[in-house]
1. With the dipole of the chain worked out from charges on the C-beta (+1 for Lys and Arg, -1 for Asp and Glu) around the Cα centre, which of Ala69, Pro35, Gln53 lies farthest toward the positive end?
2. What is the spin-label model distance, in nm, from His12 to Asp70 if the labels are put 7 Å beyond Cα along the C-beta direction?
3. Taking amide hydrogens as modeled 1.01 Å from N in the peptide plane, which residues meet the under 5 Å criterion relative to Arg7, leaving out close sequence neighbours?
4. Computed from the coordinates I sent, semi-axes √(5λ) of the Cα gyration tensor in Å equals one of [x] 23, 16, 12; [y] 22, 16, 12; [z] 36, 11, 9. Tell me the label.
5. With charges set only on the Cβ (+1 for Lys and Arg, -1 for Asp and Glu), what does the dipole of the range 8-100 come to about its Cα centre, in debye to the nearest 20?
6. Taking K and R as +1 and D and E as -1, what net charge do the other residues with C-beta under 15 Å from the C-beta of Asn52 add up to?
7. Under a GNM of the chain (C-alpha, springs under 10 Å), which listed residue has the highest mean-square fluctuation: Thr62, Thr27, Thr75?
8. HN-Hα J couplings of the range 62-75 from phi, Karplus 6.51/-1.76/1.60, θ = phi - 60°, integer Hz, Gly and Pro as x?
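Read the figures in this text as sums done on the coordinates, not as results from a lab. Bear in mind that the values here come from a model prediction, so they are computed numbers and not experimental data. Backbone-built Cβ (ideal geometry, glycine too); neighbour counts: all protein chains shown.
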Amino acid sequence: MAHPIHRITSFHVVGPFTLSVAFGDGTEQRIDFLPVLHGELFGPLRDPGIFNQVVLDAEAGTLVWPNGADFDPATLHDWPLVADELATRARSWADRVRQAG
């Protein structure tokens, strides 16, 4: 079974921690990232100054942040289907960091 490959073609910041993301297949997603910004890699993006430094890596077709954080374009494309699961996982990352600290 073939797995579709999605590429991001553009994005716009539309609110705090929220991006409108356009894909090569003509679809768009409005994504509130705040619920998944936990853990060592994504936690720093809770700082609006860092979050808003997001750029489009045109070669990879995804969004990246200065600290190396990125998301699989297929995950972003299917955000409504995966957002709740990702938020649950992100909370567990935050719990592990608190327990280790």
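1. Value computed over the given set: Pro35.
2. Label-label distance for His12 and Asp70, simple model: 2.5 nm.
3. Distant-sequence amide H within range of Arg7: Gly24, Asp25.
4. Computed from the coordinates, semi-axes √(5λ) of the Cα gyration tensor in Å corresponds to [x].
5. Details: 6 positive and 13 negative charges, 84 e Å.
So the magnitude is around 400 debye.
6. -1
7. Among Thr62, Thr27, Thr75, the largest mean-square fluctuation in the Gaussian network model of the chain belongs to Thr27.
8. 9, 8, 9, 10, x, 8, x, 5, 7, 10, 4, x, 5, 5
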